[in-house]
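> One structure is given below, represented as structure tokens, and several questions about it will come after.
Just so you know, all these numbers are worked out from the coordinates, no wet-lab data involved. Not measured: the values here are computed from a predicted model. When we count neighbours, we look across all protein chains shown, and the Cβ atoms used for this are built from the backbone with ideal geometry, even at glycine.
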Amino acid sequence: MPEKMRAMILSKLGPVESKPLKLTQIDRHEITKPNEILIKIEACGVCHSQLHSIEGDWEDIGLPPTLPTVPGHEVVGKIVEIGNDVTKFKVDERVGITPLLGSCLNCQYCNEGKEYLCENMDVTGESLRGGYTEYITVEEEFATKVPDTMRSEYAAPLFCAGITAYKAVKAAEPKKNKKIAIFGIGGVGHMAIQFAKVEGCDVSGVSRKEKHLDVAKKLGADNIFVYSSNQDQFLENVKKEYGLFDAAIVFAPVDEVTDTAIKSIKKGGTVVIATVGKIPNFLAFEEKTVRGTLIGSRKDMEDVIKISGEHKLEVVTESFPLEQANEVLLKLKNSEIDARAVLIP
Ligand SMILES: [Zn+2]
Ligand SMILES: [Zn+2]
């Protein structure tokens, strides 16, 4: 095995137009604990939240916690070495890693199966252990097996976009014929539409972009609505064409969209917010519920792999070589990626 690896390193936060990621040879990760596995990365999805982190938008919430980093937190690859105590996996099996690279496994959250809320969690791609490179190590508890039938480019986006979408849909308490609206049809939204359809919901896709609404339609959305910054006009249109929604899920990181989503649901309805943002208006007397959601647990990840395989969910991806990470992030920023870009080392 080589002693060095190619990595797209982030040493200084900045706009992606300035190409903040630099191709660098760094020491290859090595197994340092007996319960770790070493993975040769085959694909890494390019997530919108990573874009915010790289550009410095999320410094106030502590991301990234350190520099330099190797970004990338939707990682799939093949196990090339295992530690002495590893029992869950064998060499040559393929696995994936979510943004949850590790947690204490000993606190209240970890014991309740909400390890993604652990105060001592490690985030994939917010240290030198990230996906925009060739190798990564992880404790076996935080890797999930990828079945042989799933290509790595397909599976990688499931490890953040997929699990985020799945958990957000679950938070909206889906049931048959429930009217659920998905605000923002990108890497995450296009998966949410499919998870909500699996639950039998009546799904509406909402986006500014016709191109994204076409994707929504193709993936089974029952209705599509063009988002408009003219809130009154948008709400009028929804009411006239369809009626208010029972629940809405917001993936677009814009406060104005959250505000519109809250107003677009019936009294007593639920809005799930799966992004960083504020709640501009909230009227208690409408008995609405606003709920936050963040990635998901290790159990959720297993469910995502199972459901995606069984229902043959579509993951819309475009592949690019690792070295083009800056260019791909710029495309993502300019909404030129239909759903999910994947980097191949
Ligand atoms: Zn992500
Ligand atoms: Zn914990």
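> Relative contact order, percent, of the range 162-292 when contacts are C-alpha pairs under 8 Å separated by at least 6 residues?
On the way: 268 pairs, mean separation 29.5, N = 131.
Value for the range 162-292: 23 percent.
> Using a simple charge model, +1 on the beta-carbon of Lys and Arg, -1 on the beta-carbon of Asp and Glu, nothing else, what dipole does the range 162-292 show about its Cα centre, in debye to the nearest 20? Don't jump to the answer; show the numbers that get you there.
Values: 20 positive and 15 negative charges, 71 e Å.
It works out to roughly 340 debye.
> Going by how many other beta carbons lie within 10 Å of each one, how would you line up 11, 228, 103, fewest first?
On the way: 11 12, 228 15, 103 23.
Least crowded to most crowded, the residues run 11, 228, 103.
> Sort 18, 335 so the one with the fewest other Cβ atoms within 10 Å of its own Cβ comes first.
The most exposed by this proxy come first: 18, 335.
> Taking H placed 1.01 Å from N in the peptide plane, check which residues at least 5 places from residue 269 or on another chain put their amide H under 5 Å from its amide H.
Here the answer is 289, since their amide H atoms fall under 5 Å of that of residue 269.
> While we're looking at this one, here's another question. Quick one: what are the phi-derived ³J(HN,Hα) couplings along the range 249-262, Karplus 6.51/-1.76/1.60 with θ = phi - 60°, whole Hz, x for glycine and proline?
Ordered by residue, 3J(HN,Hα) equals 10, 10, 10, 7, x, 9, 4, 4, 5, 4, 4, 5, 4, 4 Hz.
> Which distance in nm do the two modelled labels at residue 80 and residue 149 give, with both placed 7 Å along the Cα-to-Cβ direction?
So the two model labels end up 2.9 nm from each other.
> Based on other C-beta atoms within 10 Å, arrange 301, 1 from fewest to most.
Details: 301 25, 1 10.
Exposure proxy ranking, most exposed first: 1, 301.
> Highest mean first, how do 113-124, 155-166 rank when packing is the count of other Cβ atoms within 10 Å averaged over residues? Intermediate results must be reported in sequence, preceding the final value.
Numbers: 113-124: 18.0, 155-166: 30.8.
In descending order of packing, they fall as 155-166, 113-124.
> Now, a different point. Where q = 0.19 Å⁻¹, what log10 of I(q)/I(0) comes from the Debye formula for the range 162-292, counting one point per Cα?
Each listed q corresponds, in turn, to -1.00.
> Most fluctuating residue of 71, 15, 99 in a GNM of the chain with Cα springs under 10 Å: which is it?
15
> On the principal axes of its Cα set, how long, how wide and how thick is the chain? Give whole Å, largest value first.
Computed over the chain, the largest-to-smallest principal extents equal 63, 42, 36 Å.
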